[in-house]
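Structure first, then comments.
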Amino acid sequence: MLQIEQIRQWIPHAFKGQPADYIEVRIEEREASRIQYRGRELEETGLSTSLGGNVRALVNGGWGFVSFNELEGLKEKVELAVKQARLVGKEVSSFAPVAPVVDMVEPEGKKDPTTIPLAQKKNLLDEYNEIIWSTPKIQTSVITYGDGAKKIIFANSEGSHIEQTKMDVSLRIAVITRENGDVQQATLSLGSSGDFGFMQGLHHQVKETAQRAVALLSAPHFKGGEYTVVLDPVLAGVFAHEAFGHLSESDFVYENERLKDIMVLGRRFSGEHLNIVDGATIPGFRGSYKYDDEGVPATKTYLIREGVLVGRLHSRETAAKMGEEPTGNARALDYRHPPIVRMTNTFIEPREVSFDEMIADIREGVYVKNWYGGMTSMEMFTFSAGEAYMIRDGRVAELLRPVVLTGNVFVTLGNIDAIGNDLQMNQGGGCGKGAQSPLPVSNGSPHIRIRKCLVGGR
Amino acid sequence: MERVLELAKKAAEEAEVFLASVTETPVGFEANRLKRLETRESSSLSLRIIKEGKIGFATTTKLSDPQALVEMAVETAQFGVEARFALPSQQAYPQVEVYDPEVEAVPIEDMVELGDSLMAKVRDHTPELVCEAGVAKSVGRVRILNSRGGEASYQKSFFTIALEGTLIRDTDMLFVGEVESSCQPITDLTALTDTVIQQLELAKNTASVSSGQLPVVFTPRGVRSAFLSPLALAFNGRMVVQGASPLVGREGKQLFDNRFSLWDDATIAYRPASRPCDDEGVPSQKTALIEKGIVANFLYDLQTAALASARSTGNGSRGRGGMPSPSVSALVIEEGDMPFEEMIRDMKEGLVVEQLIGAEQGNILGGEFSGNVLLGYKVERGEVVGRVKDTMVSGNIYHALRELSAIGREAKWVGSVIRTPALYCPKLAVASKG
């Protein structure tokens with residue numbers, strides 16, 4: 001069986017003489033570990049290694065894609081991808097020009113999780129689990145830790161050859177409480193682009209999560225309806241990602257004339273205080289990288305500036321089709337998938353309003369914190385809060401059962417009437433699109449206030 | 001595989017090797033036309049060992065280095081959980097038809113033709129509809145070997161057709177869609193196109209419902225989006241042994257409507273979720289979960305069954321090469337007696353839900369669902385008057401399914417995981433904007 005180092009020299013040969021507009025090869029080698037606790041006991045420890053790759057070819061606007069685990073026979077795989085693309089292609093390929101890049105990218109010096117012994121990881125998780133189980137009324141808990149490092153070789157028929165090493169580490173803790181047949185849960189979710197330090201020193205947060213799961217058992221049910229809602233930085237970041245970020249992914253837009261009309265650059269979506277940005281060049285976050293999976297250098301892109309739509313996220317194909325510049329947002333979950341347009345680090349820029357000012361004049365409203373999940377269908381979005389409190393007469397009041405917020409993007413962006421001064425990035429999420437989930441991303445925002453937001457309850 | 005087993009047996013008391021490989025050929029359509037052809041080949045080898053009574057686990061796609069795989073499994077075993085089960089020795093497996101050689105033989109040109117004619121039929125009804133479609137075939141092989149002489153292997157074929165249509169008018173977006181899958185080639189598009197055209201018809205106008213408690217009919221797709229996850233979780237043996245399922249200790253109790261029956265079945269011929277044995281080599285079976293409203297059984301793999309002093313129900317599944325854990329195969333909800341049209345005629349003011357989004361984000365373990373109606377219709381005096389928007393439906397399955405107004409007469413598969421009729425709930429919380 002071929003090793004990843006051996007494949008390097010074969011790639012240029014495999015491209016030679018192929019009748020295609022564009023061909024690329026991506027080879028990945030990954031090692032990963034996973035530790036899961038359920039209840040008091042460790043349930044699973046597993047190690048995995050993988051080696052695989054793919055070939056993607058473009059001919060006359062049509063794509064062919066071949067993925068594999070066996071690296072032998074690369075030339076035949078390229079031929080198959082080109083043959084597939086020829087069968088599909090019936091027009092002229094649109095593919096934005098990008099200067100070829102030859103580069104080797106090594107991760108920055110940080111606490112590489114893959115070098116830390118399994119025993120040390122387990123000891124840390126034992127400490128967290130002990131904190132959870134010292135809290136009364138706990139029914140069970142789930143702790144899932146995972147880390148991985150992968151080496152990626154990318155090369156294309158234009159002469160690019162990029163080798164990158166990427167790392168990721170994530171931790172999710174769910175605490176489940178039960179009383180009289182009623183089951184509640186609270187979660188904590190964190191991640192980093194490969195720094196184990198982010199997983200350490202969370203004792204206080206773990207304790208709070210466990211206590212909240214207990215408190216939810218006696219929290220009142222919430223009466224659904226329209227409220228003034230204040231979102232904490234985590235949930236506001238999810239809002240930016242779900243409600244607007246996905247709409248900015250050009251693969252939804254580029255072949256849909258009507259959607260193009262809606263997402264026309266220059267259209268006003270909100271007041272002048274709103275700026276929404278996406279960028280993989282902002283260093284140190286889970287969505288950060290130097291080159292995307294088409295070998296395009298990463299950028300920082302304003303999606304909304306002063307309330308007006310000014311940009312969107314592109315692959316080379318969508319950029320060419322829309323006559324815009326590529327933004328380096330084509331990402332693939334792994335070698336089994338072709339790259340598609342994805343977000344990286346998405347956030348709302350901070351403004352001036354303090355949290356106290358924001359809630360001061362709310363007579364009855366809802367303060368929502370922490371993300372539990374989110375989903376969008378472009379026009380409609382929903383996202384669920386991990387924590388929710390009533391706001392009464394300008395003060396944060398009682399804890400509520402979990403709530404789900406929903407709305408129409410176009411209306412809701414216009415209903416944001418205050419943006420805080422306390423930007424925080426959240427690294428706990430993974431983004432799903434098509435069959436490619438979870439892709440490491442980060443979201444962030446300061447506190448924001450939305451008028452007339454629909455909140456679901458019972 | 002034999003080599004891995006041999007090496008593992010030297011390093012540990014018990015060992016089990018699992019090899020899965022699959023070749024998929026998807027054809028993708030975007031913006032009403034053919035966009036890409038793909039071939040995806042993958043294979044992975046997993047090793048589970050029991051060493052000094054503890055479980056070790058490792059998996060790899062590098063099939064040629066058995067020694068490295070064994071070493072990784074041994075490394076994890078020192079921290080592993082105590083094994084409470086014995087691996088199955090040689091078993092008699094049921095005859096479950098999941099392989100049809102015709103699938104592999106379907107020419108790419110025919111798949112392209114299927115996608116094209118599917119899009120053409122629905123766009124014949126609504127020319128402005130922008131369609132994405134996918135037609136895919138695949139063939140997979142599974143082989144399991146263990147140190148107790150257990151051995152199982154089977155082949156499975158899979159064929160699927162999916163359509164998603166988007167209709168945009170100003171900033172109003174309508175999403176319609178349907179998916180059909182089988183272990184045999186699909187050639188008849190009638191059911192798919194009928195469903196999508198019906199969605200387009202019912203959604204022609206928009207309407208708004210009032211907030212409050214309203215009767216709600218969930219179509220089969222609606223049932224999947226609201227009820228599948230909480231049900232699958234509640235009957236999962238893992239949740240049960242942890243005491244996290246609200247159904248723990250309530251076997252034999254009438255918790256659901258007395259016409260409501262639910263079972264899990266991995267033995268239905270040519271269904272994608274079917275198989276002769278699970279991923280631990282335990283024979284597949286049909287397991288009653290709810291019998292006429294009464295909680296009957298839970299779904300177990302080997303380890304959770306041992307912890308619950310029960311027997312594995314053949315529900316040990318591995319998500320992409322992971323450790324086995326209990327998971328539903330295919331849930332089936334028994335048909336009732338009311339035709340869909342009659343449910344609609346029965347409502348003075350009510351809602352039909354085709355799809356909720358975000359329903360699975362809440363406290364699903366507690367049975368709660370709360371989602372935005374992505375596709376749903378308002379009913380007024382027994383007639384669908386239009387599609388609703390900016391509307392949320394919330395509830396808890398343990399209330400919603402306790403007393404149903406009716407269960408639909410015709411069941412259908414939604415994807416490969418659930419076959420269900422429409423369910424008619426007398427009252428659910430509906431919150432609406434405007």
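Expressed to the nearest 5 percent, the antiparallel share of DSSP beta bridges inside the stretch A:4-217 is 95 percent. Using θ = phi - 60° in the Karplus curve 6.51 cos²θ - 1.76 cosθ + 1.60, the 3J(HN,Hα) couplings for the stretch B:299-305 round to 9, 10, 9, 5, 5, 5, 4 Hz; x is entered for Gly and Pro.
The orientation-averaged projection of the convex hull spanning the C-alpha atoms of the stretch A:28-69 amounts to 4.4 square nanometres. Here the label points at B:Ala269 and B:Gln91, each 7 Å from Cα along the C-beta direction, are separated by 2.3 nm in the simple model. Between B:Arg169 and A:Glu208, the C-beta separation translates, for a Förster distance of 51 Å, into a calculated FRET efficiency of about 0.65.
The GluC sites (Glu not before Pro) of the stretch A:216-318 that meet both conditions, a loop assignment by DSSP and at most 15 other Cβ atoms within 10 Å of the site Cβ, are A:Glu272, A:Glu306.
So for the stretch B:186-319: antiparallel DSSP bridges make up what percent, rounded to the nearest 5? Walk me through the intermediate numbers first.
On the way: 8 of 9 bridges.
Taking every DSSP beta bridge with both residues in the stretch B:186-319, the antiparallel ones total about 90 percent.
A straight Cα-to-Cα reach below 13 Å connects A:Lys223 with the aspartates and glutamates A:Glu364, residues fewer than 8 places away in its own chain not being considered. Here the stretch B:43-112 and the stretch A:103-120 have alpha carbon centers that stand 29 Å from each other.
Straight Cα distances below 25 angstrom link A:Lys110 to the lysines A:Lys121, A:Lys122, A:Lys150, A:Lys151, A:Lys166, A:Lys290, A:Lys300, with same-chain residues fewer than 8 positions distant left out.
Give me the dipole magnitude in Debye, nearest 20, for the protein assembly as shown about the Cα centre, with unit charges on the beta carbon: positive for Lys and Arg, negative for Asp and Glu.
Numbers: 97 positive and 117 negative charges, 228 e Å.
Taking the Cα centre of the protein assembly as shown as origin, the dipole is about 1100 debye.
For the stretch B:2-199, the number of Lys pairs separated by eight or more positions or lying on different chains, with C-alpha atoms closer than 29 Å, is 15. Put simply, the amide H of A:Asp292, placed in the peptide plane, has neighbours under 5 Å in A:Ala298, leaving out anything fewer than 5 places away on its chain. Each of B:Leu87, B:Met173, B:Met111 was placed along the dipole of the stretch B:2-199 (beta-carbon charges, centred on the mean Cα), and the one lying farthest toward the positive end is B:Leu87. Backbone geometry of the stretch B:307-313 corresponds, through the Karplus equation with coefficients 6.51, -1.76 and 1.60 at θ = phi - 60°, to 3J(HN,Hα) couplings of 5, 9, 6, 10, 10, 4, 8 Hz, x marking Gly and Pro. Secondary structure note: in chain A, about 90% of the DSSP beta bridges are antiparallel.
Peptide A:371-382 is shielded by partner chain Cβ atoms: per residue, an average of 6 of them sit within 10 Å of its Cβ. Here the dipole of the stretch B:1-57 is about 200 debye; that uses its Cα centre as origin and unit charges on the Cβ of Lys and Arg (positive) and Asp and Glu (negative). Amide H to amide H, with H built 1.01 Å from N, A:Gln139 comes under 5 Å of A:Ile176, A:Thr177, A:Arg178, counting only residues 5 or more places away or on other chains. The simple spin-label model puts a point 7 Å past each Cα toward its Cβ; for A:Lys151 and B:Arg250 those points are separated by 5.4 nm. Take the Cα of B:Lys427, step 7 Å toward its Cβ, do the same at B:Ala105, and the gap between the two points is 5.9 nm. The H on the amide N of B:Phe260, modeled in the peptide plane, is under 5 Å from the matching H of B:Gly293, each at least 5 residues off or on a different chain.
Dipole magnitude for chain A: about 660 debye, using +1 per Lys or Arg Cβ and -1 per Asp or Glu Cβ, origin at the Cα centre.
Once fully extended, how much extra length lies between A:Glu76 and A:Glu106, figured as 0.36 nm per residue of separation less the alpha-carbon to alpha-carbon distance? Could the numbers behind the result be given before it?
On the way: separation 30, 0.36 × 30 = 10.80 nm, distance 3.10 nm.
Gain in length upon complete extension: 7.7 nm.
Ordering A:Phe196, B:Ser64, B:Phe159 by the projection of their Cα atoms onto the charge dipole of the protein assembly as shown, which places +1 on the Cβ of Lys and Arg and -1 on the Cβ of Asp and Glu, puts A:Phe196 at the extreme positive end.
Could you tell me the relative contact order of the stretch A:4-217? Use alpha-carbon pairs under 8 Å, at least six residues apart, and round to a whole percent. Can you show the working numbers first?
Details: 471 pairs, mean separation 45.0, N = 214.
The value is 21 percent.
Label chain B by shape, choosing from rounded, prolate and oblate, from the square roots a ≥ b ≥ c of the eigenvalues of the Cα gyration tensor; if a/c is under 1.5 it is rounded, and otherwise prolate applies when a/b is larger than b/c, oblate when it is not. Before the final figure, lay out each step's value.
Working: a/c = 2.34, a/b = 1.46, b/c = 1.60.
The shape class here is oblate.
Secondary-structure-derived ellipticity at 222 nm for chain A, considering helices only, amounts to -5500 deg cm²/dmol, per-run term -39500 (n - 2.57) for DSSP H runs with n ≥ 4. Convex hull volume of the Cα atoms of the stretch B:2-199, normalised per residue: 178 Å³.
Dipole of the protein assembly as shown (Lys/Arg Cβ +1, Asp/Glu Cβ -1, origin at the Cα centre): which of A:Ala280, A:Gly61, B:Val27 lies farthest to the positive side? Going by the Cα projections, it comes out as A:Ala280. A protection proxy built from the mean count of other Cβ atoms within 10 Å ranks the segments B:259-266, B:200-207, most packed first, as B:259-266, B:200-207. Taken as entire DSSP H runs, the helices of chain A that both span 18 Å or more between Cα atoms along their own long axis and average -0.5 or more on the Kyte-Doolittle scale are A:74-88, A:203-217.
Just the ratio, please: alpha-carbon radius of gyration of the stretch B:289-423 over 2.2 N^0.38 Å, N its number of residues.
On the way: Rg = 17.9 Å, N = 135, 2.2 N^0.38 = 14.2 Å.
Taking the Cα Rg and dividing by 2.2 N^0.38 Å, one obtains 1.26.
Packing, taken as the mean count of other beta carbons within 10 Å per residue, orders the peptides B:325-338, A:399-412 from highest to lowest as A:399-412, B:325-338. Karplus-derived 3J(HN,Hα) values for the stretch A:236-251, using 6.51 cos²θ - 1.76 cosθ + 1.60 with θ = phi - 60°, are 5, x, 4, 4, 4, 5, 6, 6, 10, x, 4, 5, 7, 7, 5, 5 Hz; glycine and proline are entered as x. Annotation note: trypsin sites (Lys or Arg not before Pro) in the stretch A:98-159 located in DSSP loop regions with a Cβ neighbour count of at most 16 within 10 Å are A:Lys110, A:Lys111, A:Lys137. Once the mean of 1/r is taken over each pair of separate Cα atoms and inverted, chain A shows a Kirkwood hydrodynamic radius of 23.6 Å.
What FRET efficiency, computed as 1/(1 + (r/R0)^6) with R0 = 30 Å and r the Cβ-Cβ distance, is obtained for A:His13 and A:Arg267, rounded to the nearest 0.05?
Details: r = 49 Å, r/R0 = 1.63.
That gives a FRET efficiency of 0.05.
Using a 10 Å cut-off on Cβ to Cβ distances, tally the other chain neighbours for every residue of A:80-87 and report the average as a whole number.
Details: counts 2, 3, 0, 1, 7, 2, 1, 7.
Taking all residues of A:80-87 together, the mean is 3.
Report, as an integer, the average count of C-beta atoms from other chains found within 10 Å of each Cβ along A:114-121.
Values: counts 0, 0, 0, 1, 4, 2, 0, 1.
Rounded to a whole number, the mean comes out at 1.
Every number here is computed from the coordinates shown, using simple stated rules; none is lab data. Predicted, not measured: the structure shown is a model, and the values here were computed from it. Here Cβ is always computed from backbone atoms with ideal geometry, including for glycine, and neighbour counts include all displayed protein chains.
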